[in-house]
Amino acid sequence: MPDAASSPLAPGSTIGILGGGQLGRMLALAAARLGLDVVILTPDEDSPASRVVKQTFVGAYDDPAALADFARASDAITYEFENVPAAAVEALIGLGARVAPGPKALAAAQDRVAEKQFLASVGVATVDFAPIETADEIPEACRTLGHPALLKTRREGYDGKGQIWIEKQADEAGALAAIGGKPAILEARARFTRELSVIAARGADGEIAIYPLGENHHEGGVLRRTTAPASADKATLEQAERIAAQIMAGLDYVGVIGVELFQLEDGQLLVNEIAPRVHNTGHWTQDGCAVDQFEQHIRAVAGWPLGSTLALARVEMINLLGEEAAGWAKLAADPDARVHLYGKREMIPGRKMGHVNRMRGPV
Ligand code: AMP
C-alpha cells in the first residue's frame, strides 16, 4: 500500500513548481495533459512558465510568506532548476509539503565537490579532482592532475559558465580570480571520445525507467544538439543503466534525472554531472518516445506509475539560441521539424529560446 506521502494524486490535484523557465513551462504542459493543474513560484513577474500555469506566486525563493502560500496551493512540489536554495526546500518540507526530488539530490547537485564525493560513494566513476579553496592550492593540484586541467566554481556554474582551463603552469596563478575567486574544484581533463547522457526516472515506489542514450554536442560549453537514440554497444548501455540506477538508489530519488557522461576511448563511462530535474539532453523524448521526460517527471512527482521510455523514432534535437529562433516560420514549414518555443520575450545572444526536434526516421 502506498503511504500518504507517495499515494497517487488524483486528476484535478495541483503540482507546485519552483522556477518559471522553459523546463517549468514544458512540465506544466505535460501535467495539463494528465489533468493536473500547476502553480509556480518564481521571482520573475513574466516568466515562460507563468503564461501556461493556473497561478504564479511571484516572490523570492527565500520569502517565507511566498513559500507558505505556494505550499498551501500545492499537493506535491518539484523544481525545474537545481539552484533553488536548499533552505527553501527544507522550509517547504517543514510546512508539510511533499517535495520530489528530495533534499539529498539537491545537496549533491549544488556543489561539484559533494557531487563527485557522492558519486564515488555509490561506486560511480568520475574524473580525478581536487577541491580548491585558495589560489595557492592550484599548483600542487596541477602536479597531481596534470595539464590541462579545468577549474570550475563549486556552486552555481551552468552552461560552461564559471569555468577556466589551466593549460600550463603560467595559467595557474590567475585562474581562481578569473572565475570569481569563490571555492572551486579542479578537474583532470577527461579524454573523451564522445559525450552522452542518460535520462532516467524513479517512481515513488522505487520503480525505475531509463531512456535510450543521447549523444551530445556542445559549443562554448552550451548544448548545441543531441542525437538519439545514440548508437551504443551492449556494454555501454549496461554501464549507463547501472550508473543511473546506482545514483537514483543512492539519492532515494523520485523524479526524472539527467546524468551527463563522458565516454573514454576504452568504452568506460565517467559521470560529468547530474541534474536532479528534466534535462536539455532529454528534449528529444518529446517527439521520440512513448512518454516524454516531462510527463515522466510529473508522473513520478504525482506518485503515478512511470510511463514507457520506448523510443519510437530517431531524433536530432537542436537548440535554438538567440536570433536562431527568428527562423521559426521556416522551421514550422518543414515537415520533419517539430518546433518548441519557450515564449521568452527577449532574444539575447546565446539564450535558449526554443529547440527543434528533427525527425530522422524509425528506430
Ligand atoms: P559542465 O558545466 O561541467 O557540464 O561542463 C560543460 C562542458 O565542458 C562539458 O559538456 C564538456 O564538454 C566540458 N568539460 C567539462 N568538464 C570536463 C573535463 N573534466 N574534461 C574535459 N571536458 C570537460
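The values are calculated or read from the model by the stated rules, or taken from the named source; none is laboratory data. Fair warning: this is a prediction, and the values are worked out from it, not measured in the lab. Cβ sites come from the backbone with ideal geometry, for glycine too, and all protein chains shown count toward neighbours. Each accessible area value is taken on the protein alone, full model and side chains, heavy atoms only, with ligands, DNA and RNA left out. Shrake-Rupley method; radii C 1.70, N 1.55, O 1.52, S 1.80 Å.
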Worksheet entry | Which listed residue is closer than 27 Å to VAL113 by Cβ and among the β-branched types (Val, Ile, Thr), from VAL291, VAL278, VAL301, VAL315 | VAL278
Item to complete: Would you please list the contacts, defined by Cβ atoms under 9 Å and residues six or more apart or on different chains, that run from a residue in segment 171-188 that is within 12 Å of THR153 (Cβ to Cβ) and at pLDDT below 95 to a residue that is part of a loop (DSSP other than H, G, I, E, B) and of a type in the set (S, T, N, Q)?
Response: none
Discussion item. Exactly one condition in (1) at pLDDT below 95; (2) open to solvent by less than 30 Å² (accessible area, probe 1.4 Å) is false for LEU67; which is it?
Written reply: (1)
Worksheet item: Before we move on, is VAL58 over 18 Å from the mean Cα position of the chain (by Cα) and open to solvent by less than 10 Å² (accessible area, probe 1.4 Å)?
Response: no
Discussion item. Take the residues in segment 142-163 that are of a type in the set (S, T, N, Q) and open to solvent by 50 Å² or more (accessible area, probe 1.4 Å); name whichever of them is farthest from ASN83 (Cα to Cα).
Written reply: THR144
Discussion item. Going residue by residue through segment 119-126, is there one that turns out to be within 9 Å of the ligand (Cβ to nearest atom), at pLDDT 95 or above and open to solvent by less than 90 Å² (accessible area, probe 1.4 Å)?
Written reply: yes
Worksheet item: If you go through segment 119-146 one residue at a time, how many are more than 27 Å from the chain's Cα centre (by Cα) and either of a type in the set (Ser, Thr, Tyr) or assigned by TED's automatic domain parsing to the domain that holds LEU67 (or both)?
Response: 2
Worksheet item: Do the conditions hold for GLU45, that is, is it within 18 Å of VAL254 (Cβ to Cβ), surrounded by fewer than 16 Cβ atoms within 10 Å (Cβ to Cβ) and without any contact (Cβ under 8 Å) to a residue 40 or more places away in the chain?
Response: no
Worksheet entry | Residue tally, condition among the β-branched types (Val, Ile, Thr) and either closer than 30 Å to PRO8 by Cβ or more than 16 Å from the ligand (Cβ to nearest atom) (or both), over segment 162-190 | 0
Worksheet, complete the sentence: For segment 210-259, the count of residues that are in a strand (DSSP E or B) and of a type in the set (D, E, K, R) equals 4
Worksheet entry | Count of residues meeting criterion [surrounded by fewer than 16 Cβ atoms within 10 Å (Cβ to Cβ) and in contact (Cβ under 8 Å) with a residue 40 or more places away in the chain] in segment 211-220 | 2
Item to complete: Check LEU150 against each of (1) closer than 29 Å to GLU324 by Cα; (2) without any contact (Cβ under 8 Å) to a residue 40 or more places away in the chain; (3) within 13 Å of the ligand (Cβ to nearest atom) and name the one condition it does not meet.
Response: (1)
Worksheet entry | Failed criterion for LEU261 (all others in (1) more than 15 Å from the chain's Cα centre (by Cα); (2) within 11 Å of the ligand (Cβ to nearest atom); (3) open to solvent by less than 30 Å² (accessible area, probe 1.4 Å) hold) | (1)
Worksheet, complete the sentence: Residue count, segment 81-114, condition open to solvent by 40 Å² or more (accessible area, probe 1.4 Å), out of contact with any Ser or Thr (no Cβ under 9 Å at 6 or more places or on another chain) and outside any helix (DSSP H, G or I), comes to 5
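Let's see how each residue does on (1) assigned by TED's automatic domain parsing to the domain that holds ARG155; (2) over 24 Å from LYS352 (Cβ atoms); (3) in contact with a Phe, Trp or Tyr (Cβ under 6 Å, 6 or more places away or on another chain):
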residue: GLY59; (1), (2), (3): no, yes, no
residue: ALA66; (1), (2), (3): no, yes, yes
residue: PHE81; (1), (2), (3): no, no, no
residue: GLN110; (1), (2), (3): no, no, no
residue: ALA114; (1), (2), (3): no, yes, no
residue: GLN117; (1), (2), (3): no, yes, no
Fill in: Scan of segment 191-232 for residues that are among the aromatic types (Phe, Trp, Tyr) and within 16 Å of the ligand (Cβ to nearest atom), ordered by number
PHE192
Item to complete: Scan (1) closer than 19 Å to ILE77 by Cβ; (2) touching a helix residue (DSSP H, G or I) at 6+ places or on another chain (Cβ under 7 Å); (3) small (Gly, Ala, Ser) for the single condition ALA200 breaks and write down its number.
Response: (1)
Fill in: Condition check for PHE129: more than 13 Å from the ligand (Cβ to nearest atom) and in contact with a helix residue (DSSP H, G or I) (Cβ under 8 Å, 6 or more places away or on another chain)
no
Worksheet item: What pairs come up if the first residue lies in segment 121-132 and is of a type in the set (A, V, I, L, M, F, W, C), the second is in a loop (DSSP other than H, G, I, E, B), and their beta carbons are under 6 Å apart, counting only those six or more places apart or on different chains?
Response: VAL127/ALA190
Item to complete: Would you mind finding the one in ILE199, ILE166, ILE208, ILE185 that is open to solvent by less than 70 Å² (accessible area, probe 1.4 Å) and more than 17 Å from PRO148 (Cα to Cα)?
Response: ILE199
